[in-house]
1. Given a Förster radius of 25 Å and the C-beta distance between Lys487 and Arg426 as r, what FRET efficiency does 1/(1 + (r/R0)^6) yield to the nearest 0.05?
2. May I ask you to give the percent of accessible area on the chain that is carbon plus sulfur, with a probe radius of 1.4 Å?
3. Which of the peptides 171-177, 159-165 is most tightly packed, and how do the rest follow, judged by the mean count of other Cβ atoms within 10 Å per residue?
4. Could you state the number of Å between the C-alpha centres of segment 336-353 and segment 164-241?
5. Calculate how many DSSP beta bridges within the chain are antiparallel, expressed in % of all such bridges and rounded to the nearest 5.
6. Suppose accessible area is computed on protein heavy atoms with a 1.4 Å probe; arrange Tyr184, Tyr290 from highest to lowest.
7. Show me 59-72, 233-246 ranked by packing, highest mean number of other Cβ atoms within 10 Å first.
8. With every protein chain left in place and a probe of 1.4 Å, what is the accessible surface of Ile122, to the nearest 10 Å²?
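The values are calculated or read from the model by the stated rules, or taken from the named source; none is laboratory data. Keep in mind the model is a prediction, meaning the values are calculated, not measured. Because the Cβ atoms are built from the backbone with ideal geometry, glycine has one as well, and the counts that use them run over all protein chains shown. Calculation scope for accessible area: heavy atoms of the full protein, side chains included, ligands and nucleic acids excluded. Shrake-Rupley method; radii C 1.70, N 1.55, O 1.52, S 1.80 Å.
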Amino acid sequence: MRLNRGNREVTTFRETIFLDMVQNKSIRILYAVIFSTTLVVKSTSNNVCPTSPCFCVNATVADCSSRKLETLQPLHGTIPASVTNLDLSGNNFSYINDTFFDPIASLKIANLSIKECKLHGISKRALQHFKEIYKLDLSMNELEYKSILQILRWLNGSQINKLDISDVKGAPTSLPENVFESMYRNSSLHTLHLRNWELVNVSGTTFKKMSTLKKLDLSNNNILELKMEGFDHIKQLNLTLNELAYVPKMCDANNKSYVPRLKFLWLAINHISDSLEFHRQGHCFTELEYLNLSFNAISIFKNNSFSSIRSLKKLRLNDMLTYDLIIEKDALKSKSLEALFFGSNKRVTKEMLKYETIFQKCTNVRTLDMSLFDFSAFTDEDFLKMLSPLTHIKQLILRHSVLNFVPFISHLKTLQILNLHGNFIRHVHKDSFINNTNLHKIILRKNQLTSIHEDSFTEDIWNNSNFTIDVSFNPFACDCDLEWFVKWADAHREKVINYHSNQCDSPKEWKGRHINSNLHYLKMKCHPLNRIFIIILTIGSFVFIFLFTFVLFRKLRWDILFYVHNCLDGRRRGYHRLTDHDLKEYDGFVAYNTRDRKWIMSELVDVLEKKESYKLCLHERNFLPVGFHVDNIFENMEASRKLLLVLTNNFMQDQWCQFETIIANQKLADGNKNNILLILLDNIDSKHFTAALKTLLKEAESVEWTSNLNGRKLFWKKIKNFMCK
């Protein structure tokens, strides 16, 4: 699986790439969508502007996104005067002239989103009515560089705090030092997004006089060279998805740091290959707390790679783009490190991992994620040696690590969360947890468990008031061995994550049923005394009923026959088969290019949501307003039962759509073939055929859109059948 970007290849993208961005709110602010206050659940809110095409969440927030608006005339007089947050994203505004905002000129807009509106230009005085604007989002449009310069000049002296001007066309590859000259008078600009400008060379002097700027996003460019002089006020810098072959020089000739306030640094998906660059420049990162190096070309993590970064707390080293990965004895040495995300699907043997010493010099780690490592050759003794130095660990994550047993963790007395999702564990015994009195969350989702017993965990764990467990999607054998857990789970449903996804795999006649659906049968089968008592009670009841019926029949036989007939005729016979779908937030995640959104909204959404009552996840509508776009893709795919890819030539030209294709391939490899559907809207040009697309077309189910009436009936029938699975 590959994602081509320019002259580079990024392979095997995994869901762990930016997981900590979601977990840490202070980090994910960097990629927050500027119009964040409008994301609500509309179905549970009252529209306070019913005569408007918009949805007014409350007296201050109006959501006018994706309403096919071409002008703002329909908004005139229909929106409360108190509205200060306005979302116009996803409409059809090709050009915004001087009078465009006249219909809403009376509003005091502070938060304005005009992203993804197919904009090609904005006049010089278009925003003249909004003197108090605080947040402005113009991303994902077709704006030219000259139009952006006009906007910047208009913002001269304004109180703008967050500005997103990503996806600019025709920008110079070398960012001019005076491009933001008109913003120097601004004393409030805090966050600036410059994604996808196709920048190659950037100098920090461009931002030097923007003293209030703290968060700068330069991701998804082509940056080869970055001069750090002028970044002394920056706290968060995102350089993800660029072309950096080395770490930019962080100190001047006198070893004075260019980035004395930098706390968060993203360098993921670049070409960095030498881990010692951080050791050599570690003294320049005087306040750095977070570093992301995932998906780079580092093949050897050498001793003391990060030891000189004194304040480093969180380090992400997922999925290096090399075949072999070697970790030297003291490679992870750090006194300050608290969270380490070190997942890898590369070939790493026990010897290459240096498992006996790897954590001896980073004993303060609280969170450790080693997902995707192959631990099939490890024994309990190996885990004991590897994890013993982590005396303060609270969270251990070993997802998809080829484990067929619970690793030895009893010595980890501070452990609170254990995640073993996606392994091959068949049995769990309390001996593995004898000393883990603080353990309160256990995830064993998608393993090979056939039963859970009372002695699977210690009494301290079962009785912990905060205890939660996830054992969903395991092949449970619904027999007497499972009876105890079935009763416990039924009585403590709030402690069982994904409770309704616990189903029987055997016996054959119960396959697919929820484990609780046969609880009464298990009670009879597994407890002979109870069964005898029930049999005696049943026989006695039938005798009494027979005698009583005989007497009544002699006197009131016609009335009795009448009532008996009604009762027998109205009685329900047989059992209804229970169906339990995954407890997902969405029924389907729709991957599509925004240029095809007209068909998505008018056809797919109209049929599946409005007519069939399914809930779809659309990136422009449902993605969280906070977090990196990669985060949103992974999280919302995980929160959806089905994955629908709407394939067009536009789709194949979009790098985020290609990224979603890669993830679909990974899900295909993980055995989710029946949860993936390809929707072919038009004929894909042969030049867009990638290995990932060919694999999907070969393995996954697909349907083709047609203008033929009967063909469309068949098209929708196939999609409905797919969604019902």
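1. Numbers: r = 22 Å, r/R0 = 0.89.
Step by step, r from the Cβ atoms, then E = 0.65.
2. Details: 17000 of 33140 Å².
That share works out to 51 percent.
3. Values: 171-177: 16.0, 159-165: 21.3.
Descending packing order for the listed peptides: 159-165, 171-177.
4. First find each Cα centre; the distance between them is then 33 Å.
5. Numbers: 8 of 85 bridges.
Bridges in the chain are about 10 percent antiparallel.
6. On the way: Tyr184 70, Tyr290 0 Å².
Ranked list, largest accessible area first: Tyr184, Tyr290.
7. Working: 59-72: 19.2, 233-246: 20.8.
Put in order of decreasing packing, that is 233-246, 59-72.
8. For Ile122, solvent-accessible area is about 10 Å².
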